[in-house]
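This report refers to the structure that appears directly beneath it.
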Amino acid sequence: MADVLVVRASGAGAARAAMAGAPRPAAENIQVIMTMALPSVNAEAEFPGCSVAIQLADDHAVAVLTVATTRLSIDFAELQPLMFQPVPVEPPLAVLFGSAVGQLLAVRGAVDQHGAGHYLVGLVELLLRSALRSHLLRADTAAARYREAIEYVQRHLSDPDLTAERVADALFVSRRRLYQLFDDGEGISGRIRRLRIERAKEMLGDPARARAGIGELSRQCGFVNSAHFSRTFRKLVGQTPREYREARLGVEGHGGDHPSEQG
């Protein structure tokens with residue numbers, strides 16, 4: 001059986017938006033479904049920000065990977081050519097993908113879960129980018145610029161001086177042009193803020209950072225002070241950073257924050 005993949009969004013609203021080519025569908029996750037003519041076993045695992053399940057079907061295996069859209073640098077709208085239809089995958093890529101997923105599941109109990117999540121998200125991004133390679137090469141300037149902007153922002157999230165002006169200068173475009181690229185109701189500043197909060201959520205849920213102070217994590221996410229971080233986090237997440245950490249880790253966070261570092 002030929003190796004193929006299908007990409008789909010979570011939720012009926014996201015599916016309708018994707019089919020219509022809407023630039024920012026409200027999808028929290030995407031699912032990448034990949035058939036593999038490789039020996040495998042039924043298995044599943046969940047990692048921070050993503051999960052994977054493999055099921056046997058006759059003479060092949062089916063892998064279903066679910067990834068949070070915020071973890072990908074590819075704009076959701078750019079996935080439209082892959083949505084809800086079987087897309088052939090080059091055999092070498094299919095072999096790489098199948099063996100990598102199989103090996104990860106085989107050693108999942110012996111590896112760091114957050115590191116495994118990053119590895120799996122990177123694997124999904126490799127698969128999607130490879131499948132979209134010809135499409136991305138023909139992408140119009142706006143889509144290419146938007147992708148470059150997101151990638152730049154993700155690389156510089158920890159910099160408190162990251163602004164729309166900095167992004168525009170890095171991409172050699174005017175601020176007006178940058179604002180047009182992010183004319184989605186959220187804007188470039190809103191996207192930077194949301195990506196910082198997503199990174200903070202990942203850090204707060206990481207057991208390896210359980211003793212890190214809220215103030216320290218806020219600085220690593222690019223916030224100028226912990227009070228601003230806590231207000232923004234609570235507004236977007238509905239919990240304070242400390243409440244979120246305790247809910248994720250099941251224990252009270254540590255780190256000896258200064259009394260002014262609320263949250």
Legend entry - Three-way shape call for region 176-235 based on the alpha-carbon gyration tensor, with the a/c threshold at 1.5: prolate
Inset, instruction - Hey, for a label at ALA77 modelled as a point 7 Å past Cα toward Cβ, could you say which residues of region 141-184 have their backbone N under 14 Å away? - result: 141-150, 178-184
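Which percent of the accessible area of region 152-224 is formed by carbon and sulfur heavy atoms (probe 1.4 angstrom)?
Numbers: 1650 of 3690 Å².
Roughly 45 percent of what the probe reaches on region 152-224 is carbon or sulfur.
Could you tell me whether region 85-208 comes out rounded, prolate or oblate from its Cα gyration tensor? Rule is a ≥ b ≥ c as square roots of the eigenvalues, rounded for a/c under 1.5, then prolate if a/b exceeds b/c, otherwise oblate.
Cα axes put region 85-208 in the oblate bin.
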Legend entry - Virtual spin-label span in nm between GLN103 and SER189, 7 Å along Cα→Cβ: 4.6 nm
Inset, instruction - Apply the Karplus parameterisation 6.51 cos²θ - 1.76 cosθ + 1.60, with θ equal to phi minus 60°, to every residue of region 82-90 and state each ³J(HN,Hα) to the nearest whole Hz, in sequence, with x for glycine and proline. - result: 9, 6, 6, 8, x, 10, x, 10, 4
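Would you mind getting the accessible area per residue of region 85-169, heavy atoms of the protein chains only, 1.4 Å probe, in Å²? Walk me through the numbers before you get to the answer.
Details: 4370 Å² over 85 residues.
Here the per-residue accessible area is 51 Å².
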Legend entry - 3J(HN,Hα) from dihedral phi, region 170-183, Karplus parametrisation 6.51/-1.76/1.60, rounded to Hz, x for glycine, proline: 5, 8, 6, 10, 6, 4, 4, 5, 4, 5, 5, 5, 10, 7
Inset, instruction - Using a 1.4 angstrom probe on heavy atoms only, work out the carbon and sulfur share of the accessible area of region 27-110 in %. - result: 55 percent
Inset, instruction - Taking 7 Å along the Cα-to-C-beta vector as the label spot, tell me the ALA110-ALA53 distance in nanometres, rounded to one decimal. - result: 2.7 nm
Legend entry - Charge dipole (debye, nearest 20) of region 42-138; +1 at Cβ of Lys and Arg, -1 at Cβ of Asp and Glu: 260 debye
Inset, instruction - Could you pull the accessible area for CYS50 with a 1.4 Å probe, rounded to 10 Å²? - result: 10 Å²
Inset, instruction - At 1.4 Å probe size, with every protein chain present, just tell me what the per residue accessible area of region 183-234 comes to in Å². - result: 46 Å²
Legend entry - Using θ = phi - 60° and Karplus 6.51 cos²θ - 1.76 cosθ + 1.60, couplings along region 100-107 (whole Hz; Gly, Pro as x): 5, 5, x, 5, 4, 5, 5, 10
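The values are calculated or read from the model by the stated rules, or taken from the named source; none is laboratory data. Bear in mind the structure is a predicted one, so any value in this text is a computation, not a measurement. Glycine gets a Cβ as well: all are built from the backbone with ideal geometry, and neighbour counts include every protein chain shown. Accessible surface is based on the protein model in full, side chains and every heavy atom, while ligands, DNA and RNA are left aside. Shrake-Rupley method; radii C 1.70, N 1.55, O 1.52, S 1.80 Å.
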